[in-house]
Amino acid sequence: MKAAMEQVRTNPMQAFPAPANGGIVEETPPCLSWIPLDDECEYTVKIYRSGEIVCEGSTKKNYFVPKEFLAPGTYTWTVETENAVREPWSFSIAEHAVTILRKSAEEVFAAIPDVRPRHLFFREDIPELITRTGEIEALKRTVEAARHDGMPQPPRYHMDESALPYREYFGRYRDFCDRDLIACGLAWQLLGDKQAAKHGKELLLTICSWNPEGPCSITGKWGDEVGLSNARCLPAALDLFWDLLDGKQREFVAKAVVSYALQCEARLGVFDYCRNPGDSHAGRLPAYLGEAAMVLKGTNAVPEETLLRWLGYALEIYGGIFPHFGGTDGGWAEGVFYATSYTRWYLPFFTAVERYSGVNYLSRPFYQRLCQYYLHFAADAEVHPFGDGYWCHSEDAEWPGFFAQNPCRIYAQRFGPKEAVSRAEKAASPEVFLLHLLDVFLPRLPAPETSLAGPAENLRAFPDTGFVSMHTNVADTENDTWCLMRASRFGSDSHRHADQGSFALLDRGTALITPSGYFGRQYGTKHHFRWLKTTQAHNALLFNGIGQYENSHLAAAKLTDWKDEKGIMTASADMTGAYPLPVKWLRELSMTKDGLLTVTDTVDADIPVTVSYPLHFLSLPEAQENSLKLLRNGTELTVTPLEGGLSALEITDKFAVDLNEGEPEAYHVTMPQQYHAMWKTAADTHHRIVVEYRVRRLK
C-alpha cells in the first residue's frame, strides 16, 4: 500500500498546493501544483472528468500544466509516485476562465526577429512611443541627471573598510545602472540624442569592465543587489546601444550578459526554485534569463542550446507556478511596497514574448486584477501597510523609486478599471524617472475583450494573499477614509511581519492608526527583527504579553467574511493558530460610509489570558481618561473602548528595541518619531472587546 502524500507546508519557501481542493480555476489549461516529497522522484498526474481520464502526464517537478485546454466544468485529479499517493482533489474550470496560450522555447526563439532594437520595442514602434509627450520630457530630464552624474566608481566595500559601504553603494549604483544607463539608451533610440548615446556607451563599457564574479556578483559573498541591477539592465542596454558598439565591444558586453545569466541560473538551482519559490529575490531571475536569450540570439556568445535552455526555463516558470507571492485575487503577499517593484521586473520579458509569439502571460488572473490591489493599497498616503518598507514612498531618499512611481502602468492600460487608468495617467510624467525605466516605453499591446478586474469598489478583499480594504471613496484619495487589515495564509517570514489581524486607518492620505518601526540602517538590524517584525509593533493583540510566531510560516491567518450592505462594510478574520498559545482570536472590522470604524475582538483560550491591545501613531495622541484623541493634518481621531475591560492605558514614544541598537555610530539613522499606546485586560478565558474609532474632519 502506498504512503499518503501529506500536503502540509513545513517551511515558508514551499509553494501552496493549487488549486485548493474544491477550488475554482480561472485559467485554462491550469497549473496544478503540490508539495513534493523530500526525495527526487517522478510524479504521475491524472485528471478525470465524470470518472474518465481526460489528461495524464509525468514530471519530476512539483507542478504540471496540461498541454490541452480544459473546458469549463468540474474535474478531479490525483498525483502519485512509485511509493506514495495523494488522495483525489477536485477543482472547477470557471465559465469565464481565460485561455492561456503556451509555446515551446523553440517556437518563441524562432520568432525572435534579427533586428535591433528588438527587446523593449521595434523600430516601427518608435513613432507612437515618442508621442507620449510627458514621458519623453521626463526622459530628457533624466538624461540630464545622468550626464551630471558622470561615471560610477567600482565597489570597494569588499576590501576597504573606509570605502562606501555595501548598503549605501548599491543604492547609489541603481542611479547609474537602472536609471542613467537605460535613460541614455532610450534617448538614443527614441530621440537620436548623440550626447546621451556617448555618455551611455561609456557607462555601459565601464560597468562591463568590472569583474562580474567579484563584489558585483549575484551569487557572491558581498550581497546581490549590484549584480541584480546588472542582470536586469545589461540585456536591454546591449540591445539599445547595439548600433554604437563595434564587433569587439559587442562581444565584450555580450560576455557580461552571459556571466550574469549563468549566475541567475546557478542561483535558481541552488535552492531549486520550482520546489521552493518563496524566495523574494528569485522570482525575477527567470525573466533575466529569458531576456538574455532574446538579445543574445545570433551573437554566438554561447551555444544556441544554452539560450534555449534559459528561455525554456523562463517560459515554464511564468506559464506555470509563478507568482508565489501573488494570488488570483491580484494581491501581493509581501505587501504593496514590494509589489510595486516586484510586479515590474518581468514586464519587458512578458511583453517581448507577446510581441514575438502571441503568448500572453499578462492575461493570467493575477495580473488582470493587480490594479485593484494598487487602487486599494498604493494610494498617495503617508504609509502603505503591510510589511517591510511600509513607510517608504517613490521619492524617498532611502529607497528612491523602489516604491514604483507609477505602479498601475501597463496593467491599467490593459485591464482597467477606469479609476486605475486615471491614476496611471496622473503618475506618468514625473520630474525624473528613478528605478523603473524598462517598462516606460513598451508598446501598447491589445487589451482583452473582457477583463477579470471588474469595477472599482469601496470594499475589496484579497483572500488568496490575505488582505482586505474598506474605503469611503476609493476613487478619490483626497476625500477618502480607508481601513486596511491583513489576515494571510502567508506567515511572518521574509519581508512579512507577525501582524496577522493588524489594521491601519487613514484619512485623505494621513495615517491615523499605523504599523510602527523601521529597518534601521538595513534589513536584519536588531530593531528590525526584534521590533518591526514582531506583533508588539503592530495593531494586533498579545496574549499574556506573547505575540505571534516570528519569521515562521506558522503565523498564518485567514479572512472569513467580507460584505458591503446598506452602507456598512464589514470584514472578519480568524487568527487562531498564529500564536504559540492555545488561543482562538476572531476580529471583525465594521466601517460606515462616513468613516466610523468599530473593531470587535472575540478571544477564547484554554487557560486564563490577559489581552494587550496596542495601537501605533505618527503623532502623539492625547489620553482622555481611558480614551485617546489624535489630531493630524486637519483630522481628529477619537478612540473609545466600549466593551471588554481595557484599562491601564500607557503611551510612550520609545521602541522596546531602539532604532539604532547594535549598530556602529557611523551607521545610525534618524527616522520620524512614532508613538505607542497600550491597554490591558485582566486574565480570563473569554474576552469580547469592542473599540470605536471615530474620524472627524476639522478642515
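The values are calculated or read from the model by the stated rules, or taken from the named source; none is laboratory data. Since this is a predicted model, take the numbers as computed values, not measurements. Using ideal geometry, Cβ is built from the backbone for each residue, glycine included, and neighbour counts are taken over all protein chains shown.
Looking only at residues that are under 20 Å from Phe366 (Cα atoms) and touching a Pro at 6+ places or on another chain (Cβ under 9 Å) in region 430-456, which one is surrounded by the fewest Cβ atoms within 10 Å (Cβ to Cβ)? This residue is Pro455. For Ser209, the criteria (1) under 28 Å from the mean Cα position of the chain (by Cα); (2) within 13 Å of Asn230 (Cα to Cα) hold in every case but one, which is (1). With respect to the conditions (1) modelled with pLDDT under 95; (2) touching a strand residue (DSSP E or B) at 6+ places or on another chain (Cβ under 8 Å); (3) closer than 26 Å to Phe271 by Cβ, Glu68 lacks only one, and its number is (3).
Yes or no: region 345-361 includes at least one residue that is surrounded by fewer than 24 Cβ atoms within 10 Å (Cβ to Cβ) and under 19 Å from Gly466 (Cα atoms). Taking every residue of region 345-361 in turn, none turns out to be surrounded by fewer than 24 Cβ atoms within 10 Å (Cβ to Cβ) and under 19 Å from Gly466 (Cα atoms).
Within region 103-125, the set of residues being crowded, with 17+ Cβ neighbours inside 10 Å and within 31 Å of the chain's Cα centre (by Cα) comprises Lys103, Ala105, Val108, Phe109, Ile112, Pro117, Arg118, His119, Leu120, Phe121, Asp125. For region 82-95, the condition of being outside the structural domain of Phe325 (by TED's automatic domain parsing), in a loop (DSSP other than H, G, I, E, B) and modelled with pLDDT under 95 holds for at least one residue. Looking only at region 246-275, which residues are of a type in the set (Ser, Thr, Tyr) and either outside the structural domain of Gly298 (by TED's automatic domain parsing) or not in a helix (DSSP H, G or I) (or both)? Tyr273, the sole residue that qualifies. Once region 601-641 is narrowed to residues that are exposed (fewer than 13 other Cβ atoms within 10 Å of the Cβ) and farther than 25 Å from Gln673 by Cβ, the residue that is modelled with the highest pLDDT is Pro608. Anything in region 411-421 that is part of a helix (DSSP H, G or I), farther than 15 Å from Leu442 by Cα and touching a residue at least 40 places away in the same chain (Cβ under 8 Å)? List them, or say none. Within region 411-421, Phe415, Glu419, Ala420 meet the criteria. Taking first residues from region 444-455 that are at pLDDT below 85 and partners that are part of a loop (DSSP other than H, G, I, E, B), no Cβ contact under 6 Å between residues at least 6 apart in sequence or on separate chains turns up. Scanning region 218-269 for residues that are among the aliphatic types (A, V, I, L, M), buried (at least 22 other Cβ atoms within 10 Å of the Cβ) and without any contact (Cβ under 8 Å) to a residue 40 or more places away in the chain yields a single hit, Leu234. Of the residues making up region 492-511, not a single one is over 29 Å from Val669 (Cα atoms), of a type in the set (Val, Ile, Thr) and in contact with a strand residue (DSSP E or B) (Cβ under 6 Å, 6 or more places away or on another chain).
The number of residues in region 491-518 being touching a Pro at 6+ places or on another chain (Cβ under 8 Å) and in a loop (DSSP other than H, G, I, E, B) comes to 8. For region 126-158, taking the residues that are part of a loop (DSSP other than H, G, I, E, B) and of a type in the set (D, E, K, R), the one that is surrounded by the fewest Cβ atoms within 10 Å (Cβ to Cβ) is identified as Arg156.
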